[in-house]
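A single structure is presented below for examination.
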Amino acid sequence: MGKSIFEKIVSAHKISGECKVGQELAIKIDQTLTQDSLGAMAYLQFEAMNKDRIETELSVSYTDHLMLQLGQGNGDVHRYLETVADKFGVVYSKAGNGICHQVHLERFSKPGKTLIGSDSHTVTCGAVGMLALGVGGLDVALAMAGVPFYIKYPKIMRIVLEGRMKPWVTAKDVALEVLKNVTTKGNVGTVLEYCGNGLEFLTIPERATITNMGAETGVTTSIFPSDEMTKKFLESQGRLEDWVAISSDDDTVYDIELVINLDELEPNVAVPHSPDLVLKVKDIKDLKVNQVLIGSCTNSSYLDMMRAAAVLKGKKIKPDISFGVSAGSRQVMSMLADSGALSWFIDSGARVLESGCGFCVGQGQAPEMGAVSVRTNNRNYKGRSGTQDDQVYLVSPETAAATAIMGVLTDPRTLQMEYPKIDIPEKMKLDDSMLIFPTYTKNIFRSPIIGEPPVNTLMPKKITGQVAIKLGDMINTDDIIPGGSAMTYRANIKKSCEFIFQFVDSRFPKKCEDIVEQGKYPIIVAGESYGQGSSREHAALCPMVMGVKYILAKSIERIHQTNLINFGILPLLFQNPEDYGDIEYDDIIVMKDSEVSVRMDVVQIENITKNKIYNVKNSATERQREIILLGGLLNSINK
């Protein structure tokens, strides 16, 4: 039987384990990336391992989230990241150089290599046939220290792209079509692998849009073959030597298959408040729009920006629209300026924003109360924009540009113009002067805002817990620990804990304090797809510090479940859905012998308040169970 692209790359990097669905594998990691919001904690964790140098082929520290630098906090984090990178051999990408996923795709992606990053959209580099995974910061720190990365071998879903997109239909519309079919939940332990004759017409920037938004489905990763289109892209970046061909074998057998006919697609839109709530743009009539934003790691390539600029050339946006554009990298911004397209944006009435994550992560451009915001980014969770009652719609750059002109959500096919034909240059503009390569000479900068990685205690033998919060389905990591101003304090865990469930139940931090003072442990109870969205490990790290020892949920998403285990929190899943409905706020729940329970597939816990016993599932591997008993991965490694 033939091998998939995923299996070929995994097999070439396998250290131990079998390529069988559900089996745990250890693989070698070639590259890592971090971004500044979550990176500081990753490097503090790396420092705690007492290593002299990183042991990966390449590690890059990007500055792209904390760009506003309100007060000294963000600047302190940036200086720490720059100096710690120099000490240990990490490349540092300065603020303004661009979004980590866009820059990494341009300058460092390599077909056949493995990449993990402390950001869920690290999967973007799957566009070039790279095995790219979003993980928690501790996993990145361990990989930099030469420790293998562990993963359960997934099912492989083959997505066949047939035909060719019609004018005004884009890769964003393909990504949204995938989300409409696959949805945002129930995809833990699955990889999306793309093939079909439609790939012949999909450039690498377009493939990157599709792999990027694969993160919203909750899959392990998405991957395309490395073909002639990949070769052309790498050659344009002056990196032809990095190209190798990678494709699946003709006789590969896949676990699942989905066929998408590209020539049948129309412009799509994801409506509030989930990226899988997808409709056709033409079916939404007379939606008055307050704000339009083009950019983010999903749609900020040269191709995306040039197409949007061409739509706007010679036109003015509606006066009551707040309109901003953000190129994904300095390379893209510079080429827009050289081509004259940047002035097309400016002349239309656009605000030109920095090359960074910005509005996508709630760092600036928060719309007014109750606003309708049409954006090209990848997530539209409630409040992620920085405004709690926002109405965010996700579209392609072309649809966004058309909307800015018309003032209402607009199908770009209704514009009286031909679809812009944009050719990607054979040679892109290369300037790596904002990448700082290590000299090993700088002293690490410290400040009060840079804390230390907290250390957990061993799992207590008896856990008398009290329900501190009960949540519904699809609670994402933005709900657990929001972006916006909270991002400034990611390097300071004590301060970060103040923001946990800030907009869901602000009583939670104080409730945890009270429960711990009484000698008990706080319990989080949740519904389906708990922890979806961003990879931010603080959604697990802070609850650990606040005394949480286990979480009860109907289902937990992959990255968050791994993060919980990494910090010594036992994720438990309801076997009987009625048990979830039975548990209430403040219920006292006891696990009598954790040393025995953590090692079992089915764990028995007792609700003292209701006088009931529940059987819950423990899906952690044997290796992970030992980590949990020791209080987390750092404790395990140090031991």
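Over the chain, consider all pairs of different Cα atoms and compute the Kirkwood hydrodynamic radius from their mean reciprocal separation; express it in Å, one decimal.
24.7 Å
Using modelled amide H (1.01 Å from N, peptide plane; none on Pro or chain starts), what sits under 5 Å from the amide H of residue 436, excluding residues fewer than 5 places away?
92, 93, 94
How much net charge surrounds residue 524 when only other residues with a Cβ under 12 Å from its Cβ are counted (Lys, Arg +1; Asp, Glu -1)?
+1
On to the next question. Under 4 °C and 1.567 mPa s, how fast does the stretch 356-421 diffuse according to Stokes-Einstein, given a Kirkwood radius computed over C-alpha pairs? Answer in µm²/s, whole number. Please list the in-between numbers first.
On the way: Rh = 12.6 Å.
Approximately 103 µm²/s, per Stokes-Einstein.
Can you pull out the chymotrypsin sites (Phe, Trp or Tyr not before Pro) in the stretch 391-458 whose DSSP state is coil and whose Cβ has at most 12 other Cβ atoms within 10 Å? List each step's numbers first, then the result.
Numbers: sites: 393, 440, 445; in loops: 440, 445.
Taking the stretch 391-458 and a limit of 12 other Cβ atoms within 10 Å, the loop chymotrypsin sites (Phe, Trp or Tyr not before Pro) found are 440.
Kirkwood hydrodynamic radius of the stretch 383-494 from all distinct Cα pairs, in Å?
21.5 Å is the Kirkwood radius here.
Roughly what % of DSSP beta bridges within the chain run antiparallel, to the nearest 5?
Of all bridge pairs located within the chain, approximately 35 percent are antiparallel.
Among 370-380, 335-345, 276-286, 143-153, how do they line up by average Cβ neighbours within 10 Å per residue, starting with the highest?
Ranking, from highest mean packing down: 370-380, 143-153, 335-345, 276-286.
In percent, what relative contact order does the chain have, based on Cα pairs under 8 Å that are 6 or more apart in sequence?
Once divided by the residue count of the chain, the mean separation gives 14 percent.
Which percent of Cα-Cα pairs in the stretch 15-125 sits in each 5 Å bin, short to long?
2, 11, 21, 21, 19, 12, 7, 3, 2, 1, 0
Only Lys, Arg, Asp and Glu count, each charged at its Cβ (+1, +1, -1, -1), so figure out the dipole size of the chain about its Cα centre, rounded to 20 debye.
In total the dipole reaches around 860 debye.
Take every Cα-Cα pair in the stretch 268-414 and report what % of them are more than 21 Å apart.
Of the Cα pairs, 35 percent sit more than 21 Å apart.
Fewest first, what order do 455, 325 take by the number of other Cβ atoms within 10 Å? Mind dumping the intermediate values first?
On the way: 455 14, 325 28.
The order, fewest Cβ neighbours first, is 455, 325.
Could you put 485, 226 in order, starting from the residue whose Cβ has the fewest other Cβ atoms within 10 Å?
Ordered by Cβ neighbours within 10 Å, fewest first: 485, 226.
I would also like to ask the following. Quick check on my link table: of 166/231; 185/232; 113/429; 20/462, which ones sit more than 27 Å apart, alpha carbon to alpha carbon?
Beyond 27 Å: 185/232; 20/462.
State, as an integer percentage, the relative contact order of the stretch 464-592 based on alpha-carbon contacts under 8 Å between residues 6 or more apart.
32 percent
Packing-wise, with mean Cβ within 10 Å as the measure, how do 253-261, 126-134 rank, highest first?
Per-residue mean Cβ counts within 10 Å order the peptides as 126-134, 253-261.
Report the local net charge at residue 302: Lys and Arg +1, Asp and Glu -1, summed over other residues whose C-beta lies under 13 Å from its C-beta.
-2
Another one. Taking only DSSP H segments of four or more residues, each worth -39500 (n - 2.57), what value at 222 nm results for the chain once the sum is divided by all its residues, to the nearest 500 deg cm²/dmol?
That calculation yields -8000 deg cm²/dmol at 222 nm.
Taking the dipole about the Cα centre of the chain, with the C-beta of Lys and Arg at +1 and of Asp and Glu at -1, give me whichever of 314, 45, 108 is farthest to the positive side.
45
Could I ask something else about it? Rounded to the nearest Å, what's the spacing between the alpha carbon centres of the stretch 223-286 and the stretch 579-639? Just the number, please.
About 40 Å separates the Cα centre of the stretch 223-286 from the one of the stretch 579-639.
Which value does Rg/Rh take for the stretch 463-638 over its C-alpha atoms, Rh per Kirkwood?
Using Cα coordinates only, the ratio equals 0.93.
A follow-up question, please. What is the distance in Å between the Cα centroid of the stretch 541-556 and that of the stretch 154-189?
The distance from the Cα centre of the stretch 541-556 to that of the stretch 154-189 comes to 32 Å.
If you don't mind, there's one more thing I want to ask. Neighbour counts of other C-beta atoms within 10 Å: give me 353, 262 arranged from fewest to most.
Listing 353, 262 from fewest to most nearby Cβ atoms yields 353, 262.
Bear in mind that the values in this text are calculations on the coordinates, not laboratory data. Please read all numbers here as calculations on a predicted model, not as lab measurements. Glycine also receives a Cβ, built like all others from the backbone with ideal geometry; neighbour counts cover every protein chain displayed.
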